[in-house]
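S.K.: This structure is in structure tokens; I'll ask about it shortly.
The values are calculated or read from the model by the stated rules, or taken from the named source; none is laboratory data. On a predicted model such as this, the values are computed, not experimentally measured, just so you know. Virtual Cβ from ideal backbone geometry, glycine too; neighbours counted across all protein chains shown.
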There are 2 protein chains.
Amino acid sequence: MSRRSRQREAIIAVLKSTDIHPDAGWIYEQVRKVIPSISLGTVYRNLKKLKEEGLVREIKVTSGLSRYDMVRESHYHFRCEVCGRVYNLDQSLVDRSVEEVVARKTGFRVTGHDIEFRGICSSCQKIEMKGEKGEQP
Amino acid sequence: MSRRSRQREAIIAVLKSTDIHPDAGWIYEQVRKVIPSISLGTVYRNLKKLKEEGLVREIKVTSGLSRYDMVRESHYHFRCEVCGRVYNLDQSLVDRSVEEVVARKTGFRVTGHDIEFRGICSSCQKIEMKGEKGEQP
DNA sequence: ATGCTTGCAAAACATTTGCACGCAC
DNA sequence: GTGCGTGCAAATGTTTTGCAAGCAT
């Protein structure tokens, strides 16, 4: 398997400590507080390894850079189109049988699926309402 | 609205002619057969515009570069983990009510969703079986 | 001792952008 | 004529990689 290293452990610690789905740069900045000498290349290298080992998942949201998170229970994502935040949603919202439906219809072997919902999160809806004050003269 | 141009029309034509979900480079090569002087920058600029106008959709598959396709009926995607091909799936496979479920549970305004299924497509399953011949000594 | 992992810096890539010119309106 | 779209090339931003040295096994 993989060898241990302070850098690798620190990256895992950072990922475990948050659920904001950070990108590589943010992870780099966090780890730098503990290991100032770490390089961005090392962060990318470790993320790649961790992905291969199945410990970390890379998500590409419709616009923006790659984001990473620890694989806990698998979950869906909701991306706010206003603030760009990515929220977790409980996977149980959707019946797992969708995979069987797809497998039956296509003959493909289905090993997983992800759903990305789009829309406006609650805090941006509030801001939106404030902003609309007086826009109807 | 947008102004017409040979380049723009050619890009649309290429996108209409295929369903392989090409990336910008492939589109560029295709258009070049008709307009050899077109630049990659123009392809990107047009794709961006077409996206804003809602004519084209950009999909980011879990690994690889951005891919583009004309918005016809909306559909899901299946990405083969072996060959990397992206297939279209009929959106009617999954009940649209998932959006309502999410909206009710979160209080977010949900304006859309995408599903990416993963697995092994039928042609890669065949190859896989061939390749396994004799691997069990 | 062996060889995986690191830091550094350069490279590779995808995508965007500034500019002067040309074409659509 | 106005100003949007283009080609070109340079810039930007992200991710990858070659190398020599260091550390885990």
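S.K.: State yes or no: is B:VAL101 more than 30 Å from B:TYR44 (Cβ to Cβ), surrounded by fewer than 19 Cβ atoms within 10 Å (Cβ to Cβ) and within 10 Å of another protein chain (Cβ to nearest Cβ)?
M.R.: yes
S.K.: Among A:GLU52, A:GLU73, which is more than 10 Å from chain B (Cβ to nearest Cβ) and within 13 Å of DNA strand C (Cβ to nearest atom)?
M.R.: After ruling out the rest, the residue left standing is A:GLU52.
S.K.: Within the set of pairs 6+ apart or on separate chains, which have a first residue in segment A:92-107 that is under 11 Å from B:ILE115 (Cβ atoms), a second that is among the β-branched types (Val, Ile, Thr) and exposed (fewer than 15 other Cβ atoms within 10 Å of the Cβ), and C-beta atoms under 8 Å apart?
M.R.: A:VAL94/B:VAL101
S.K.: Considering (1) of a type outside the set (Val, Ile, Thr); (2) in contact with a Ser or Thr (Cβ under 6 Å, 6 or more places away or on another chain); (3) within 30 Å of A:SER122 (Cβ to Cβ), say which one A:SER74 fails and leave the rest.
M.R.: If we test A:SER74 against (1) of a type outside the set (Val, Ile, Thr); (2) in contact with a Ser or Thr (Cβ under 6 Å, 6 or more places away or on another chain); (3) within 30 Å of A:SER122 (Cβ to Cβ), just (2) comes out false.
S.K.: Now for a separate question. Any idea which of A:GLY54, A:GLY84 is modelled with pLDDT under 85 and at positive phi?
M.R.: Criteria check complete, one pass: A:GLY84.
Quick grid of which residues meet (1) more than 10 Å from DNA strand D (Cβ to nearest atom); (2) more than 18 Å from the chain's Cα centre (by Cα):
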| position | (1), (2) |
| --- | --- |
| B:ILE12 | yes, no |
| B:LEU40 | no, yes |
| B:VAL43 | no, no |
| B:LEU50 | yes, no |
| B:VAL56 | yes, no |
| B:SER66 | yes, no |
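S.K.: Residues that are without any contact (Cβ under 8 Å) to a residue 24 or more places away in the chain and either in contact with a Pro (Cβ under 9 Å, 6 or more places away or on another chain) or over 30 Å from B:ARG3 (Cβ atoms) (or both): does segment B:45-55 have at least one?
M.R.: For segment B:45-55, residues without any contact (Cβ under 8 Å) to a residue 24 or more places away in the chain and either in contact with a Pro (Cβ under 9 Å, 6 or more places away or on another chain) or over 30 Å from B:ARG3 (Cβ atoms) (or both): absent.
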